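The values are calculated or read from the model by the stated rules, or taken from the named source; none is laboratory data. Just so it is clear, the structure is predicted and the values come from calculations on it, not from any experiment. Glycine gets a Cβ as well: all are built from the backbone with ideal geometry, and neighbour counts include every protein chain shown. Note: accessible area is taken over every heavy atom of the protein model, side chains too, but ligands, DNA and RNA are not part of it. Shrake-Rupley method; radii C 1.70, N 1.55, O 1.52, S 1.80 Å.
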Amino acid sequence: MLQAAAPAASLTPAETDLTELTATAAVALLCSRNVTTVAYVQALLDRLDAGWSCINSFQTLNRTKLMADAAAIDAKAASGQSIKPLCGLPLAVKDSIDVLGYPTTASTPALLNAYPTSSAPLINSYLAANGIIMGKAALDELQDGGNSVNPTNQYEYGLITTMLNAYNQTRIAGGSSGGSGNSVGGRIAPLALCEDTGGSCRMPASANGIYGFRPSLGCYNFTTGMGLVPAEFTRDTVGSMAREIDDLILLDSIVRMPNITTTGHGMIPEPVSCAAPITNINLNGTRIGLPSTFGWATGLSGEIVAAVNATMNALKAAGVVFVPFDSGDFTDAANIAWAGVPESDNYMEPEATARYLWLHNYNLTVTEVFAAINRPDLRTQMMASLQLNANTAAGDFDAFVEFLQYVLAFPTGQFSTDGLPVGMQFSGPPGADGLLLSLAKAVSQVLPTLPAPASPPGCTGCTANVAFNPATFTQVGNSIPTSNQTYTNFHLTFNGTCNSPSLTSYGQNGVFGIGSHGFSNGLTTVAI
C-alpha cells in the first residue's frame with residue numbers, strides 16, 4: 001500500500017499499489033519517471049484481469065492500442081520531449097463521446113461498428129495534454145436510463161450487458177454513465193468522462209463512491225451532434241468523474257474552455273463566464289442553502305437520512321451554517337419541466353440522433369438504429385417516438401425541457417447497511433463551477449475517506465446475465481407510451497461460480513433481481 005509519509009514521486013513500484021494511487025499522485029509518479037506509463041497501464045489491466053472485468057465497465061477496451069499509446073508517451077519522454085502535464089495518465093471515456101480509433105456505440109447494436117472520423121474536441125484537448133485513452137466505458141443504451149441495466153446479448157460486433165456496482169455487485173451502478181462510474185470506483189481507471197442529461201454523471205458517481213460533476217452547459221470543449229451521441233439538444237452536458245476532488249479539478253482544468261462565455265441557453269438567459277478559479281474556502285461561517293424539499297421531505301430511507309445527518313453534523317462542526325429556504329418555486333419549476341420530459345424527449349431524440357448520423361455520414365437511418373435497440377422497453381418507446389416526431393412540429397410544444405442544474409456530487413464517506421456508498425450533491429447557478437469545485441475541496445477535508453471496495457469483487461469468476469420481459473405498448477400515431485405501458489421487469493442471475501457464494505445462487509428474488517427501468521436517483525441536494 002502507498003506509504004502516506006512519502007511523496008508519490010519518490011515511490012517505487014514495489015512500495016505502492018499503483019491502482020490505489022489518486023490521479024494526481026499517479027501523474028506525479030509518471031512525470032518523475034519512477035514509473036513508466038506502460039507499467040502503470042499494465043497495473044490497471046492486471047487489476048481488471050484479477051476479477052474486476054466482471055463489473056462490465058468497458059464497452060470497448062483495445063489493449064493493443066492502449067499499450068501502444070502508453071509506449072508512445074514513454075518513447076516521447078525518452079527522447080527528451082516534455083510529456084507534461086498528464087504524463088500518460090489514462091482516461092475512461094463514456095461511449096457516447098467520439099474518440100478517433102474507437103467505435104462510438106452508445107451501447108446499442110446498430111452502432112457497435114460505427115467509427116467516427118474525428119474525436120470530440122475535449123478528447124483532443126486531453127490528448128494534447130499528453131493523456132491517453134484507456135477505453136470506451138459502457139452505458140445505459142443510448143443514454144436512456146438511470147441504472148445502467150441492459151439486457152445481456154452478444155451481437156456480431158460486441159457484447160451489450162449490464163454494469164454492476166463496484167461495492168456490491170447485486171446492486172445497480174447508477175446511470176446512464178455506469179461504466180464511467182464503476183471503472184473509477186473500482187480502481188480500474190483513475191479518471192473518466194461522463195455525460196449528464198438528467199443526472200447521468202451524478203447518480204453513478206454517488207452509487208460508486210466517487211465525485212461526479214455536471215459543469216455549466218457549454219464550458220467543456222465538445223460539440224453536440226458532432227462529438228456526442230445526443231439525447232437532447234437542450235440538456236446534454238459532458239462532465240467528469242474522479243475518486244478525489246483534486247483529481248476532478250485536474251481533469252476539469254484540461255477539458256474546460258475557461259476563456260469563453262456560455263451562450264444564452266435555457267435557464268442561462270445571459271452568457272456566463274466559463275472560468276472556474278479554485279479558491280480556498282474557510283468553512284467556518286460558510287452559508288449553504290437548505291431547500292425545504294431537502295432529503296427526508298422526499299421519502300429517503302431512515303439509514304440514508306442518518307448518513308446525511310452525520311455529514312451535515314460534520315459540516316456544522318466545521319462552522320458551516322445551513323440556511324433553510326422555501327424551495328417551493330424551484331420544485332414547481334422542476335415539476336413543470338419534468339412533466340414535459342416524455343413529450344420533449346420523444347420529439348427531440350429522433351431529431352438529434354438523425355443529425356448525429358448525418359454529420360458522421362453513417363449509412364444508417366434513425367429508424368434502423370431504433371428498430372435494432374437491445375432493451376425491449378426502450379425499443380418500444382423510441383419506435384413510438386418516431387411516430388410522435390413525424391406527426392408533430394416544434395411549434396406544437398409550449399416549451400422544451402430546459403430545467404438545468406449545475407451540480408457536483410460527492411461521497412459522504414458513509415455506507416448503507418448493504419455496503420453501498422452514500423452521496424450528496426451541491427447545486428449552484430450557471431457560472432459557479434469554480435465555487436462548486438472549491439466548496440467540494442473544502443468539504444472533503446472534514447468528511448471521512450471512503451475505503452476502496454473489497455478486492456477481488458464478489459462477481460469474480462462469473463458473469464452477470466440480465467433478462468427482460470418485453471414491453472407491450474402497441475399504440476401508434478401521436479401517442480407515446482406511459483410509464484405503466486413500458487414497465488419492463490428484469491432479473492439478474494450469474495453464470496459460473498462466483499467468488500461470493502451469495503452471487504452464485506442469486507436469482508429472480510434478489511433485491512436487484514427484479515426491477516424496472518426508471519427510478520429516483522436518491523441523491524440529496526444542497527443549494528449554494
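General remarks:
- Tally of residues being out of contact with any strand residue (DSSP E or B) (no Cβ under 9 Å at 6 or more places or on another chain) and surrounded by fewer than 24 Cβ atoms within 10 Å (Cβ to Cβ) across region 179-197: 1
- Within region 317-337, considering residues that are of a type in the set (A, V, I, L, M) and at pLDDT 70 or above, the one least open to solvent (accessible area, probe 1.4 Å): Val320
- Every residue from region 198-232 that is at positive phi and buried (at least 24 other Cβ atoms within 10 Å of the Cβ): Gly199, Gly209
- Matching residues in region 277-316 - criterion: being exposed (fewer than 13 other Cβ atoms within 10 Å of the Cβ), among the polar types (S, T, N, Q) and modelled with pLDDT of 90 or more: Thr279, Asn280, Asn282, Asn284, Asn313
- Glu156 being open to solvent by less than 10 Å² (accessible area, probe 1.4 Å) and in contact with a Leu (Cβ under 9 Å, 6 or more places away or on another chain): no
- Considered as a group, the residues in region 416-427 that are closer than 17 Å to Thr170 by Cβ and buried (at least 19 other Cβ atoms within 10 Å of the Cβ) include one that is modelled with the lowest pLDDT, and that residue is Leu420.
- Segments classed as strands (runs of 3 or more DSSP E), wholly inside region 127-238, with at least 1 members that are under 30 Å from Thr261 (Cα atoms): 132-137, 191-196, 211-214
- With respect to being at pLDDT 95 or above and within 23 Å of Met241 (Cβ to Cβ), Thr16 falls outside the description.
- Test for Asp398: is it at pLDDT below 85, among the acidic types (Asp, Glu) and buried (at least 17 other Cβ atoms within 10 Å of the Cβ): no
- Residues being assigned to a helix (DSSP H, G or I) and touching a residue at least 40 places away in the same chain (Cβ under 8 Å) - total across region 73-95: 3
- Of the residues making up region 233-245, those that are at pLDDT below 95 and either on the phi > 0 side of the Ramachandran plot or surrounded by 24 or more Cβ atoms within 10 Å (Cβ to Cβ) (or both) are Arg235, Thr237, Val238.
- From the list Lys136, Lys94, the lone residue that is within 22 Å of Ile245 (Cβ to Cβ), of a type in the set (Lys, Arg) and within 14 Å of the chain's Cα centre (by Cα) is Lys94.
- Residues considered: Val41, Val35. Of these, the only one that is crowded, with 22+ Cβ neighbours inside 10 Å and within 22 Å of Gly101 (Cβ to Cβ) is Val41.
- The residue list Leu100, Leu86 contains one member that is open to solvent by less than 30 Å² (accessible area, probe 1.4 Å) and either farther than 23 Å from Pro204 by Cα or over 22 Å from the mean Cα position of the chain (by Cα) (or both), which is Leu86.
- Matching option when the condition is touching a Cys at 6+ places or on another chain (Cβ under 9 Å), at pLDDT 95 or above and among the small types (Gly, Ala, Ser), among Ala452, Ala409, Ala440: Ala409
- Condition met for Ala78 (among the hydrophobic types (A, V, I, L, M, F, W, C) and within 17 Å of the chain's Cα centre (by Cα)): no
- Single residue of Pro109, Pro121 found to be under 19 Å from the mean Cα position of the chain (by Cα) and open to solvent by 10 Å² or more (accessible area, probe 1.4 Å): Pro121
- Test: residue in region 249-268 that is in contact with a Lys or Arg (Cβ under 9 Å, 6 or more places away or on another chain) and at pLDDT 95 or above: yes
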